Amino acid sequence: MEAQRTDVGLARIGVLRRWILGVLTLGLLGTVTELILLKHYEQPLQFVPLVLIGLAFVTLAWNLIQDSPASRRALVIVMLLFVLAGFAGAVAHFIGSAEYQLELDPSMNTWDLVVKVMRAKAPPVLAPGMMLQLGLLGLAYVFSVCRYRRSGTT
């Protein structure tokens, strides 16, 4: 009875892993499409999410072809870079928008500046949060793979 319960649990983990991978892939495709359509490559720093998404596809393909400790480690590193890029991107968007708002009205107080920046459509401060979400989703995928492997299945 215990072996049957374990098999059901492992099957559920396998299904969950495939769903996470599917959602991650759709998120990566959607994000890169949006960035390209928005011409998010006009300045060198704007290439960061595009390069990371490219690296994510390469490491995901490597992991799917050869699921090894090295491919999982590479995927973890890329996904941690996604998380870092999400935070750094939000800061960069905030600073860029704040500079623009201060050019328009240098006498603006701090609270009004923060409110205007958070409501600004260009650059959207919270848009880089997508990179953070994709990174966390990728980490969930990697760690679910490790948990799946440790449970004794191949």
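Pairs meeting the criteria (first residue in the range 32-51 and under 17 Å from Phe82 (Cα atoms), second residue assigned to a helix (DSSP H, G or I) and of a type in the set (Ser, Thr, Tyr), beta carbons under 8 Å, at least 6 apart or on different chains) are Pro49/Thr31.
Criterion first (surrounded by 14 or more Cβ atoms within 10 Å (Cβ to Cβ) and modelled with pLDDT under 95) does Ser144 satisfy it? It is true that Ser144 is surrounded by 14 or more Cβ atoms within 10 Å (Cβ to Cβ) and modelled with pLDDT under 95.
Quick one: in the range 27-45, of everything that is part of a helix (DSSP H, G or I) and either of a type in the set (Phe, Trp, Tyr) or modelled with pLDDT under 95 (or both), which residue is surrounded by the most Cβ atoms within 10 Å (Cβ to Cβ)? Outline the logic, then answer.
Keep residues of the range 27-45 that are part of a helix (DSSP H, G or I), which gives 27-37, 44-45.
Now restrict to residues that are either of a type in the set (Phe, Trp, Tyr) or modelled with pLDDT under 95 (or both): 44-45.
Numbers: Pro44: 7, Leu45: 11.
Restricting to residues being part of a helix (DSSP H, G or I) and either of a type in the set (Phe, Trp, Tyr) or modelled with pLDDT under 95 (or both), the top hit is Leu45.
Suppose the filter is over 25 Å from Val15 (Cα atoms), crowded, with 19+ Cβ neighbours inside 10 Å and modelled with pLDDT of 95 or more; does Ala85 pass it?
On the way: over 25 Å from Val15 (Cα atoms): yes; crowded, with 19+ Cβ neighbours inside 10 Å: yes; modelled with pLDDT of 95 or more: yes.
Yes.
Please go through the range 100-113 and pick out each residue that is loosely packed, with under 11 Cβ neighbours inside 10 Å and part of a helix (DSSP H, G or I). Result: Glu103, Leu104, Thr110, Trp111. Within the range 46-63, the set of residues being among the aromatic types (Phe, Trp, Tyr) and either crowded, with 18+ Cβ neighbours inside 10 Å or more than 16 Å from Leu29 (Cα to Cα) (or both) comprises just one member, Trp62.
Of the residues making up the range 122-131, at least one is modelled with pLDDT of 95 or more, buried (at least 16 other Cβ atoms within 10 Å of the Cβ) and either of a type in the set (D, E, K, R) or in a helix (DSSP H, G or I) (or both).
The values are calculated or read from the model by the stated rules, or taken from the named source; none is laboratory data. It should be emphasised that the depicted structure is a prediction, and the values quoted were computed from it without experimental measurement. Virtual Cβ from ideal backbone geometry, glycine too; neighbours counted across all protein chains shown.
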